[in-house]
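Q: Mind looking over this structure? Questions follow.
The values are calculated or read from the model by the stated rules, or taken from the named source; none is laboratory data. Here the structure is a predicted model, which means the values were calculated and not measured. Positions of Cβ are generated from backbone atoms using ideal geometry, with glycine treated the same way; all protein chains shown enter the neighbour counts. Keep in mind that these areas ignore ligands, DNA and RNA; they rest on the heavy atoms of the full protein, side chains included. Shrake-Rupley method; radii C 1.70, N 1.55, O 1.52, S 1.80 Å.
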Amino acid sequence: MSDLPVPRPAGPAPACGCGAAGRFGPTHALILLVAVLGLGSGLFLTGTQPSSIFTLLGGLGAIGAATLTAAGGGRRLVTVLIEAAVRSSAGR
């Protein structure tokens with residue numbers, strides 16, 4: 001065994017080990033997709049009305065989008081949402 005000291009990083013440790021700078025990546029998207037599909041399927045199998053399921057999942061999606069916007073500075077997400085709104089209104 002060596003008596004050499006182990007080098008330590010100079011700056012503070014990252015808050016989470018979620019990848020580069022904690023960005024939302026494809027793995028996170030896949031996990032959320034599976035969770036939403038599982039929740040929706042489970043509610044449907046218990047006899048919940050589909051309109052209630054869609055309302056709930058839509059609300060969860062809105063909360064998730066707002067959280068990502070607040071946590072990540074939101075420029076990229078806001079850009080995507082505005083672009084989608086412009087494209088949908090131009091299609092009328």
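Q: Being modelled with pLDDT under 90, hydroxyl-bearing (Ser, Thr, Tyr) and surrounded by 11 or more Cβ atoms within 10 Å (Cβ to Cβ) is the filter here; which residues of region 16-58 pass it?
A: Within region 16-58, none qualify.
Q: Continuing with the same structure: With the structure loaded, tell me whether Gly11 is open to solvent by less than 100 Å² (accessible area, probe 1.4 Å) and modelled with pLDDT under 80 or whether it fails that test.
A: Yes.
Q: Also, I was wondering about something else. Could you check how many residues of region 68-92 are assigned to a loop (DSSP other than H, G, I, E, B) and at pLDDT 75 or above? Walk me through it before giving the result.
A: So the first thing to find is which residues in region 68-92 are assigned to a loop (DSSP other than H, G, I, E, B), and the list is 73-74, 91-92.
From what's left, at pLDDT 75 or above: none.
Count: 0.
Q: A follow-up question, please. Mind checking which residues of region 48-92 are farther than 21 Å from Val36 by Cα and either in contact with an Asp or Glu (Cβ under 7 Å, 6 or more places away or on another chain) or of a type in the set (S, T, N, Q) (or both)?
A: Hits for region 48-92 are Thr79, Ser88, Ser89.
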